[in-house]
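Report on the structure given below.
The values are calculated or read from the model by the stated rules, or taken from the named source; none is laboratory data. Because the structure is predicted, anything quoted here is derived from the model rather than measured. Cβ atoms come from the backbone with ideal geometry, glycine included; neighbour counts cover every protein chain shown.
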Amino acid sequence: MRPIQVFFRDMKTLMTKRMLLLSFLGVALLPMLYSSILIDGSMDPYGQTSKLPVAVVNLDQGADYEGKTMNVGKDFVEELKKSDNFKWDFVNEAQAKDGMEHNDYYMTITVPSNFSENAATLTQENPVQAELIFEPNSEYNFVAGQIGSSAMKELKSKLNAQITEAYTRSMFDQVGTISDGLSQAGDGATELKDGAGKLEDGLTTLKDNLNKLASGSSELSGGVSKLYDGAASLNQGTSQLSSGVAGLADGLSQLTAAEQQLEDGAAESKIGAAQLAQGLQSSKDGAAELKQGLTASSAASSQVAAGAAEVAKGLEQLMEATPELQENESLKQLLAASKQVAAGSAQLKEGQDQLLAGSNKLAQGQDQLYAGAAQLSEGQDKLAAGMVTFGGKLKEAGTGATKLADGAKAANTGAAQLKDGLGQLSGGVDGIADGSKQLNQGAGQLKDGSEQLVNGSGELATKLNDAAAETGSIKDGDNIVNMFAEPVVVKENTDHKLDHYGLGIAPYFLSLALFMGALVYTTVFSVRESYTLGASPMGRFLSRTLTYVTISLLQSLIADAVLLYGLKIEVTSVPLFVLFTILTSLAYTFIIQALVTWLDNPGRFLVVLLMIFQLTSSAGTFPLELLPDWMQKLNPFLPMTHAITGFKTIIASGDYALMREQMLVLGSFAIVFLALTFLYFMRQSKKPADNIQPAA
């Protein structure tokens, strides 16, 4: 019997046996069911997050920032209410805790009470980061927690943008204030420049005056030296004055005692003057009588001589009694005349005529002498009164002299202190002279500095005014604020993006479904024997192989039809997608056929082991770089690795060159393992497969 006839007879038997046919169709549908259910269930899980219940607890108490109320927690809750990313449930802390314990929530977001307070510390010296507490319920569902973590990053970005916007608005307000301040500072700098100009003029005048001060202080130093010498002389003079005034005081004391004696003498002189006046009156009367007697009788000459002697004696006694009268010329003449009278009494007679003439003169002299005696008496009264006054003043002079002596001592002490002080003053003046010279030099430097100040303040005014103009030109509209809050916007390029998660995982699920379909078929139908009795090894090989090809075609076409038209999966090329699915299914089928044909159940175990390795090492779920090193090394040798890569190129990238490379690898796997199967049958004895009993 020809080998091809064995295949047709086996297919006829399969079609006529109901249970075999149902089993065959069930296996044909298995990859479709497996792949479509898994892909549909994973098609768009991230688009359904609005159904995930999430607890939100807002404990924020708010804060004051730049004079305004900031309540970031409240604003955050309002934003969440507008969002449908999750099924937000705004509860208190206790309700959230209870919901997490009973798996009512997949995650909890808590805004702490100090959230706004910490957010407002950005411009402080030690800012504190605001913490948003995220608690995923990974024990309930790990993937939901991962989805929540990704969503939290987006929420964090929005919060950062809101806080940055608040900071930016505050910053722009401060920039406006700074602009006004810079403008005022510019005006102040202009005034500073004007003042610096005046300062420069004043410093010029000051330097000139300091030059004069330096010269004058030098002259002052010389004058103080001379003054010091004068003070030394003054000290010596006051010392001598003190000694002289002490002697003066002693002399005045002695003078006061002598004045008392003089006062007593004046009193006695007054009495004598009164007696003199009386005597002169008597003398006057006697002179008159003398004149009468001379004219009357020369006989009385003797009496005149006697009287003259008595007069002379009386005058001598008067002058002896009154020392003041001793210097009186009239009395001296009177005394001499009296003596002449006494002496010339003998000659009286001869000089009678002359005496008579002289008596007339005597009478006149007596009148004058009497008048002088009256004046003398009056003068003696005044002298006595004056001596009393003089005594009082002399006592006062004595007291004053004592005070003068004390003052002279004090003056001497002061002169000594003046001398010492002038010595210190001389040293200080020398220091002033040196300091004035240094001050003069410093004034020169200060003048130079004032010139630099004028130039610098002018430049400062210009720069401040320019800065004020520039800061004043800064715009603070909403667009600018939004730019500060979100300076970077991520523009997503969707050229290589899949719309749904299911499209990304479809290559993995479809490859796995085709592999499972091929494996299950080997457990339902024999891989070695035929339903035709007496079939040759080549007939059995051809029958089994074509049967596997048939089931692979059915599995591939049914699965592709449901995926393309049932789940509406879009691919870059439908024919290439179908062709690649068939090639993948055939590669898996030939690999499994060879292992099971050669080893039977141990072969199935190896197939299951191969599937296990492919589940993790084919990079169908996680990127290859995230797998352990040994899996990365195993990856290129696994057929599912190339199947997944090929499906990705057809579903997403459209890189047909890469797809052809994967088809070449899968075709190589199919040819090699088909050859191994053929080798098995060639080694079998040519006995018919009479031990196979078709199922009823």
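Just one residue in the set Ala657, Ala652 is without any contact (Cβ under 8 Å) to a residue 12 or more places away in the chain, of a type in the set (Gly, Ala, Ser) and out of contact with any Phe, Trp or Tyr (no Cβ under 7 Å at 6 or more places or on another chain); that residue is Ala657.
Per the listing Ala619, Ala587, Ala643, Ala559, the residue uniquely within 14 Å of Leu512 (Cα to Cα), in contact (Cβ under 8 Å) with a residue 12 or more places away in the chain, outside any helix (DSSP H, G or I) and of a type in the set (A, V, I, L, M) is Ala619.
Criterion first (acidic (Asp, Glu), within 19 Å of Lys74 (Cβ to Cβ) and not in a strand (DSSP E or B)) does Glu117 satisfy it? So Glu117 passes the test.
Is it the case that segment 66-77 has a residue that's part of a loop (DSSP other than H, G, I, E, B) and in contact with an Asp or Glu (Cβ under 8 Å, 6 or more places away or on another chain)? Break it down stepwise before answering.
The initial filter retains those residues of segment 66-77 that are part of a loop (DSSP other than H, G, I, E, B), namely 66-67, 71.
With in contact with an Asp or Glu (Cβ under 8 Å, 6 or more places away or on another chain) added as a condition, the list becomes 66, 71.
Yes: one or more hits.
How about segment 41-88: which of its residues are touching a Lys or Arg at 6+ places or on another chain (Cβ under 8 Å) and among the charged types (D, E, K, R)? Passing the criteria: Lys51, Asp60, Glu79, Lys87. Applying the condition of being surrounded by 19 or more Cβ atoms within 10 Å (Cβ to Cβ) and aromatic (Phe, Trp, Tyr) to segment 640-677 and asking which residue is farthest from Leu595 (Cα to Cα) yields Phe647.
With respect to (1) surrounded by 13 or more Cβ atoms within 10 Å (Cβ to Cβ); (2) among the small types (Gly, Ala, Ser); (3) more than 30 Å from Thr121 (Cα to Cα); (4) in contact with a Phe, Trp or Tyr (Cβ under 7 Å, 6 or more places away or on another chain), the lone exception for Ser50 is condition (1). Which one of Leu252, Leu192 is modelled with pLDDT under 75 and assigned to a helix (DSSP H, G or I)? So the residue among Leu252, Leu192 that is modelled with pLDDT under 75 and assigned to a helix (DSSP H, G or I) is Leu252.
Tell me, yes or no, whether segment 106-113 has at least one residue that is in contact with a Pro (Cβ under 7 Å, 6 or more places away or on another chain) and touching a residue at least 24 places away in the same chain (Cβ under 8 Å). Yes - at least one qualifying residue is present in segment 106-113. Per the conditions (1) more than 16 Å from Phe673 (Cα to Cα); (2) surrounded by fewer than 20 Cβ atoms within 10 Å (Cβ to Cβ), the sole criterion not satisfied by Phe577 is (2). Taken over segment 1-17, the residue count meeting the criterion of being in a helix (DSSP H, G or I), touching a residue at least 40 places away in the same chain (Cβ under 8 Å) and exposed (fewer than 14 other Cβ atoms within 10 Å of the Cβ) is 1.
Taking first residues from segment 590-615 that are in contact (Cβ under 8 Å) with a residue 24 or more places away in the chain and partners that are surrounded by 15 or more Cβ atoms within 10 Å (Cβ to Cβ) and polar (S, T, N, Q), the Cβ contacts under 6 Å between residues at least 6 apart in sequence or on separate chains come to Ile592/Thr522; Gln593/Thr677; Ala594/Thr677; Val596/Thr522; Thr597/Thr677. Quick one: in segment 88-112, which of the residues that are assigned to a loop (DSSP other than H, G, I, E, B) and more than 42 Å from the chain's Cα centre (by Cα) is modelled with the highest pLDDT? This residue is Val91.
In the set (1) farther than 18 Å from Glu268 by Cβ; (2) modelled with pLDDT under 70, Ala363 fails one condition alone, (2).
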